[in-house]
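The values are calculated or read from the model by the stated rules, or taken from the named source; none is laboratory data. Not measured: the values here are computed from a predicted model. No Cβ is skipped: glycine too gets one built from the backbone with ideal geometry, and neighbour counts run over all protein chains shown.
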């Protein structure tokens, strides 16, 4: 019997599999219900891996637990897009930069003191987020608020020194074993410009600066680019099977012209290096991707992760699969998260949804089935079991 790791590798390579690999993202569901004491009875004391093994599904490793850290200081640089997690392939130090850090309840305030000016950020991680299973803290005050902050941010990234940190990732890979592939986040942004949009600025603030001060933005991205290249290289050299570059795309935020200039070429350049190392490029394509799919093809990605189909977005799963046909891109996702919620679909509607899903899946090639973006905490557990059964019964998959 093939392992999930073997099934996923075969899927990515366009080879036959004995069934449809179902690899649901369960981390938020698990953490929320574990915290609230509402896990299904037989899983009350189980780890997530034990639940995955009992369900006989794959283990999802795309998104790490951002609240898993060795030192509370590991997460204070989150507004810079700098994380220090045991499951990340590198650890970044800020050389020659002093930080003043203070806490106001659940809010963390960090002041960065640089020769080019000072930056202040604020993040919050509160009880409601813990109850919801969320591990990604919310940015209340971004690192860049105006053009006046560009020089200081440029200085910070010019003095940011990432170094390889592979031991814990290797241990995680050994722990997961045949249950799945191991991913490594290189960078949330597909490019330095996308990183600024995604991590360092508010959306409205970015758009003002994008149209008013493009030349200054370009100078800032040039200062950030060596760091961007380095973290991708470190991720490639890690024990990970796939490298995660770029997160969250939406036609209203990352519009086609932006994708053409600041996403596709950078993904393609990363892809060349990743493929040379015999690994796969994953981009987290969560969002409204209408009109954006050609840019993922141009970016030569291998995995379009967290594809959220209708009714969450305007694109059906079939439309996404048809657009990617012949490109070699594997869709990881495909099941709308609302389908597993009783307040969104009745049992009858859920079964009708699955019937239609089977039609949209077609031959099932280049598809790793998952609940996109993630299994919600309020998920009706029997629906997860139903999807797992459907996936096992689908096959063999013959591309």
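Here are a few things to note about the model shown:
- Beta carbons closer than 7 Å, at least 6 apart along the sequence or on distinct chains, never pair a first residue in the stretch 16-39 that is at positive phi with a second that is assigned to a helix (DSSP H, G or I).
- Identity of the residue in the stretch 207-225, touching a residue at least 40 places away in the same chain (Cβ under 8 Å) and within 24 Å of residue 245 (Cβ to Cβ), that ends up nearest to the chain's Cα centre (by Cα): 224
- Only one of the listed residues (354, 384) is assigned to a helix (DSSP H, G or I) and more than 23 Å from the chain's Cα centre (by Cα). That residue is 354.
- Filter result for the condition that a residue is more than 23 Å from residue 131 (Cα to Cα) and modelled with pLDDT of 95 or more, over 319, 378, 342: 319
- Hits in the stretch 32-51 - residues which are buried (at least 16 other Cβ atoms within 10 Å of the Cβ) and either in a loop (DSSP other than H, G, I, E, B) or in contact with a helix residue (DSSP H, G or I) (Cβ under 6 Å, 6 or more places away or on another chain) (or both): 39, 43, 46, 48, 51
- Subset of the stretch 254-287 that is in a loop (DSSP other than H, G, I, E, B) and at pLDDT 95 or above - its residue that is surrounded by the fewest Cβ atoms within 10 Å (Cβ to Cβ): 278
- Taking the stretch 303-321 as the range and being touching a residue at least 24 places away in the same chain (Cβ under 8 Å) and either assigned to a helix (DSSP H, G or I) or surrounded by fewer than 23 Cβ atoms within 10 Å (Cβ to Cβ) (or both) as the test, the residues that pass are 310, 311, 312, 313, 314, 315, 316, 317, 318, 320, 321.
- Count - residues of the stretch 288-302 that are assigned to a loop (DSSP other than H, G, I, E, B) and out of contact with any strand residue (DSSP E or B) (no Cβ under 9 Å at 6 or more places or on another chain): 4
- Number of residues in the stretch 73-100 that are closer than 20 Å to residue 63 by Cα and free of Cβ contacts under 8 Å to residues at least 60 places away in the same chain equals 5.
- Residue match in the stretch 196-217 (condition: touching a strand residue (DSSP E or B) at 6+ places or on another chain (Cβ under 7 Å) and under 17 Å from residue 254 (Cβ atoms)): yes
- Residues of the stretch 338-351 that turn out to be in a helix (DSSP H, G or I) and either touching a residue at least 40 places away in the same chain (Cβ under 8 Å) or more than 26 Å from the chain's Cα centre (by Cα) (or both), as a count: 7
- Criterion violated by residue 375 - all others in (1) surrounded by fewer than 21 Cβ atoms within 10 Å (Cβ to Cβ); (2) within 26 Å of the chain's Cα centre (by Cα); (3) part of a loop (DSSP other than H, G, I, E, B) satisfied: (1)
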